[in-house]
Amino acid sequence: MHGIIAENPTFRLVLGTCPTLATTISLINGFSMGIATMFVLVGSNVVISLLKNFIPEKVRIPAYIVVIATFVSIVQMVMQAFFLDLYNALGVFIPLIVVNCIILARAEAFAGKPENNVLASAVDGLGMGIGFTIALSLMGAFREIVGSGTLLGSPILGEGFAANAFKLFATPAGGFFTFGLFLALFNLVFDKIDSKRKARKEGV
Amino acid sequence: MSIASANGVVKIILILLNAILCNNVLLVQFQGICPFMGVSRKVETATGMGLAVTFVMALAALVTWLVQHFILDPLGFGYLQTLAFILVIASLVQFVEMFLQKSSPTLYQSLGVYLPLITTNCAVLGVTIININSGYGLGTAIVNAVGTALGFTLAIVLLAGIRERMELGNTPKHLRGFSISLITAGLMAIAFLGFTGLITK
């Protein structure tokens with residue numbers, strides 16, 4: 001489960017940057033994108049782990065892509081049927097989950113490896129998915145509060161702030177800034193933890 | 001030149017400008033950010049990536065349009081769109097790679113390394129899906145794809161130029177790498193916001 005923090009796909013591995021930037025205009029958008037990706041991650045990890053002995057080495061990448069695309073189509077249809085507003089808000093980024101590098105990376109680096117069984121692959125997908133969801137929700141919440149002055153649609157900083165919010169953070173440029181600053185923050189925090197650990201070791 | 005064809009030329013130029021500047025695929029639509037960050041260290045490699053993407057995107061727009069209108073639509077297989085398109089793009093990239101290797105080794109040498117990376121460039125899949133969703137005709141779809149790819153090339157070459165300079169600067173330790181590149185891209189995105197509303201329909 002180290003996908004949640006130590007190997008967080010967004011802030012530590014910097015994978016799947018397109019949906020991270022595009023869908024984090026609000027908390028609910030970021031969160032639902034995270035959940036949709038998590039579903040695809042777990043599903044494709046499980047199926048690929050089950051099929052890995054039958055997939056010839058040379059055509060494994062196209063085979064993985066077909067499995068992933070199948071799960072993405074399922075997500076697309078379910079969202080269109082039950083969450084039409086979200087489906088319209090996320091738009092082209094739902095089919096684009098297919099080319100989210102996190103999913104192919106986990107298939108290649110974890111689920112497709114002979115030493116990892118089905119359960120371990122499912123847990124790996126779940127961990128990475130949770131990490132991705134947390135990252136997107138954090139960025140979505142930040143951009144919604146600063147950019148529109150609301151959280152989940154309600155003006156938590158008062159109507160006055162919502163009317164005069166720092167709109168730049170709701171624009172694409174704000175997405176880049178937020179991601180860049182969050183990355184720097186995570187670098188700083190992990191650096192501090194590392195140096196503390198080192199200091200403790202040397203102290204012992 | 002007759003009025004009809006002059007109108008056609010104006011329309012094509014407007015679509016191109018819209019795709020390159022107003023709706024820049026990287027800085028406004030957020031598609032293809034992985035290569036944008038990964039392959040933008042040097043202007044030379046960024047240009048190579050841009051050319052390879054342009055080539056594949058135009059071809060992909062042509063083939064996926066035909067697939068959608070002559071295979072998926074008549075058979076009622078619309079729900080296979082994502083699956084069919086990604087397979088078309090993956091095999092197209094493979095085909096282009098083999099074709100270039102045989103027919104034009106010099107071009108292959110300059111583009112070769114970037115070609116496999118394009119399969120997972122979401123801008124390619126994105127532009128094909130947007131073409132279909134917007135109901136574009138074949139010609140418009142290809143022009144839109146070329147415009148999108150040129151916009152991609154413009155943005156990635158610009159960022160590479162800035163990053164080459166930035167290597168020499170004294171960036172704070174924790175901002176180095178992806179972080180400062182993203183912030184730079186943010187500043188570029190603000191500049192591109194200025195193009196919004198340049199073209200009114």
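The values are calculated or read from the model by the stated rules, or taken from the named source; none is laboratory data. What you see is a predicted model; the values in this text were computed from it and never measured. Cβ atoms come from the backbone with ideal geometry, glycine included; neighbour counts cover every protein chain shown. Areas reflect the complete protein model, heavy atoms only, side chains present, ligands, DNA and RNA absent. Shrake-Rupley method; radii C 1.70, N 1.55, O 1.52, S 1.80 Å.
Has the stretch A:142-162 got any residue that is at pLDDT 85 or above and open to solvent by less than 30 Å² (accessible area, probe 1.4 Å)? Yes, the conditions are met somewhere in the stretch A:142-162. For the stretch B:159-201, the set of residues classified as in contact (Cβ under 8 Å) with a residue 24 or more places away in the chain, away from every other protein chain (no Cβ under 14 Å) and either open to solvent by less than 70 Å² (accessible area, probe 1.4 Å) or closer than 22 Å to B:Thr45 by Cβ (or both) consists of B:Ala160, B:Gly161, B:Glu164, B:Ile199, listed by residue number. Restricting A:Val47, A:Val42, A:Val75, A:Val14 to those that are in contact (Cβ under 8 Å) with a residue 12 or more places away in the chain, out of contact with any Ser or Thr (no Cβ under 6 Å at 6 or more places or on another chain) and not in a helix (DSSP H, G or I) reduces the list to A:Val14. Can you name the residue in the stretch A:48-66 that is surrounded by fewer than 23 Cβ atoms within 10 Å (Cβ to Cβ) and more than 14 Å from chain B (Cβ to nearest Cβ) and is also modelled with the lowest pLDDT among such residues? This residue is A:Glu57.
A:Ile130 falls short on exactly one of the conditions (1) more than 14 Å from chain B (Cβ to nearest Cβ); (2) open to solvent by less than 60 Å² (accessible area, probe 1.4 Å); (3) on the phi > 0 side of the Ramachandran plot, and that condition is (3). Could you tell me whether A:Ala170 is more than 24 Å from the chain's Cα centre (by Cα), open to solvent by less than 50 Å² (accessible area, probe 1.4 Å), more than 8 Å from chain B (Cβ to nearest Cβ) and closer than 22 Å to B:Leu187 by Cα? It is false that A:Ala170 is more than 24 Å from the chain's Cα centre (by Cα), open to solvent by less than 50 Å² (accessible area, probe 1.4 Å), more than 8 Å from chain B (Cβ to nearest Cβ) and closer than 22 Å to B:Leu187 by Cα. Cβ-Cβ contacts under 6 Å between residues 6 or more apart (or on different chains), taken from a first residue in the stretch A:182-204 that is within 9 Å of chain B (Cβ to nearest Cβ) to a second residue that is part of a helix (DSSP H, G or I) and polar (S, T, N, Q), are listed as A:Leu183/B:Ser179; A:Ala184/B:Ser179. For the stretch A:67-102, the tally of residues that are exposed (fewer than 14 other Cβ atoms within 10 Å of the Cβ) and at the interface with chain B (Cβ under 8 Å from one of its Cβ atoms) stands at 1. Of the residues B:Gly147, B:Gly139, the single one that is more than 20 Å from A:Gly175 (Cβ to Cβ), open to solvent by 40 Å² or more (accessible area, probe 1.4 Å) and away from chain A (no Cβ under 11 Å) is B:Gly139.
Is it true that some residue in the stretch A:11-29 is over 30 Å from A:Phe166 (Cα atoms), surrounded by 19 or more Cβ atoms within 10 Å (Cβ to Cβ) and either touching a His at 6+ places or on another chain (Cβ under 6 Å) or modelled with pLDDT under 90 (or both)? There is no residue in the stretch A:11-29 that is over 30 Å from A:Phe166 (Cα atoms), surrounded by 19 or more Cβ atoms within 10 Å (Cβ to Cβ) and either touching a His at 6+ places or on another chain (Cβ under 6 Å) or modelled with pLDDT under 90 (or both). One residue is enough: does the stretch B:120-128 have a residue meeting the conditions under 19 Å from B:Ala185 (Cβ atoms) and at pLDDT 85 or above? Yes, the stretch B:120-128 contains a residue that is under 19 Å from B:Ala185 (Cβ atoms) and at pLDDT 85 or above. Per the conditions (1) open to solvent by 10 Å² or more (accessible area, probe 1.4 Å); (2) more than 26 Å from B:Ile86 (Cβ to Cβ); (3) in contact (Cβ under 8 Å) with a residue 60 or more places away in the chain; (4) not basic (Lys, Arg), the sole criterion not satisfied by A:Ala105 is (2). Considering the stretch B:98-124, and only residues there that are without any contact (Cβ under 8 Å) to a residue 60 or more places away in the chain and within 14 Å of chain A (Cβ to nearest Cβ), the residue that is most open to solvent (accessible area, probe 1.4 Å) turns out to be B:Pro116. Per the listing A:Leu136, A:Leu188, the residue uniquely within 17 Å of the chain's Cα centre (by Cα), at pLDDT 85 or above and within 25 Å of A:Ala6 (Cβ to Cβ) is A:Leu136.
Considering the stretch B:17-38, the residues that are open to solvent by 20 Å² or more (accessible area, probe 1.4 Å), among the hydrophobic types (A, V, I, L, M, F, W, C) and more than 12 Å from chain A (Cβ to nearest Cβ) include one that is farthest from A:Gly174 (Cα to Cα), namely B:Leu17.
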